[in-house]
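Data first, discussion second: the structure below is written as C-alpha cells.
The values are calculated or read from the model by the stated rules, or taken from the named source; none is laboratory data. None of these values were measured; they are calculated from a predicted model. Here the Cβ positions follow ideal geometry from the backbone for every residue, glycine too, while neighbour counts run over all protein chains shown.
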Amino acid sequence: METKKSIEALQFFVTHLAEGAIVHKQQGMIFKSKGFTKLGQKYINHFNEEMEWVEKFTERILDLGADVKFEGMKNRDLINDPIEYVKADLAIQQPGVEMLMKCMEGVKDDPTTYDLLKAYLKDEEEDLYWSQGALDMIDCIGAQNWLFTQV
C-alpha cells in the first residue's frame with residue numbers, strides 16, 4: 001500500500017471539501033434570506049453532510065499516521081441568483097466527480113481509503129444528479145415556477 005498517495009488524496013479532499021462546504025453554507029443562508037427556504041436549507045444541509053466527509057477523511061489521515069494540514073481557502077464569489085448558483089455549482093461538480101474517479105485509481109492498493117472515497121463518490125454523484133435535474137426542471141417548467149418550488 002502506498003500510504004503517501006492515500007494521504008495526499010485525502011488531504012486534497014479535506015482542504016477543498018471544507019472550502020466548498022463553507023460556500024454551500026453561505027449560499028444557503030443567502031437563499032433563505034431571499035425567501036427560498038427549501039433551497040437554502042438544501043445547501044445548509046449539504047454543508048453539514050460535506051463536513052461529515054471532512055471528518056471521515058481527517059480521521060483516515062490520522063489513522064495512517066500523518067498530520068492533517070489546514071491549507072487555507074481561496075477567495076470565492078457568492079452568487080445571489082439561485083439558478084445561476086446551481087449552474088455554477090454543477091460546473092464544479094462535473095469535473096470534481098471525474099477527478100474523484102481518477103483519484104480512486106491511485107489509492108486502489110489501500111482498500112480502506114478506496115472504499116471511503118467510493119462512498120464519497122456515490123454521494124457526490126447524487127449531488128450532481130440533483131443539480132442536473134434541477135436545471136432540466138427549470139428548462140421544462142420555467143425559472144419562475146421552479147423558484148416557486150424552492151420557497
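So Leu64 passes all but one of these: (1) touching a residue at least 40 places away in the same chain (Cβ under 8 Å); (2) among the hydrophobic types (A, V, I, L, M, F, W, C); (3) closer than 17 Å to His16 by Cα. Which condition number does it fail?
(3)
Which ranges mark the helices (runs of 4 or more DSSP H) fully within segment 36-151 that have 2 or more residues being hydroxyl-bearing (Ser, Thr, Tyr), under 17 Å from Thr15 (Cβ atoms) and touching a helix residue (DSSP H, G or I) at 6+ places or on another chain (Cβ under 9 Å)?
Those helices (runs of 4 or more DSSP H) span 111-141.
When you go through (1) loosely packed, with under 12 Cβ neighbours inside 10 Å; (2) over 30 Å from Gly35 (Cα atoms); (3) at pLDDT 95 or above one by one for Arg60, which number turns out not to apply?
Result: Arg60 passes all but (1).
Conditions tested, residue by residue: (1) closer than 18 Å to Gln93 by Cα; (2) among the charged types (D, E, K, R).
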position: Gly35; (1), (2): no, no
position: Tyr43; (1), (2): yes, no
position: His46; (1), (2): yes, no
position: Thr58; (1), (2): no, no
position: Asp67; (1), (2): no, yes
position: Phe70; (1), (2): no, no
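Scan Leu78, Leu39 and give me the residue that is surrounded by fewer than 16 Cβ atoms within 10 Å (Cβ to Cβ) and within 24 Å of Ser131 (Cα to Cα).
Just one listed residue meets the conditions, Leu78.
Rundown of residues vs (1) under 13 Å from the mean Cα position of the chain (by Cα); (2) in contact (Cβ under 8 Å) with a residue 60 or more places away in the chain, yes/no style:
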| position | (1), (2) |
| --- | --- |
| Gln11 | no, yes |
| Leu17 | yes, no |
| Met29 | no, no |
| Lys34 | no, no |
| Leu39 | no, yes |
| Tyr43 | yes, no |
| His46 | yes, yes |
| Glu50 | yes, no |
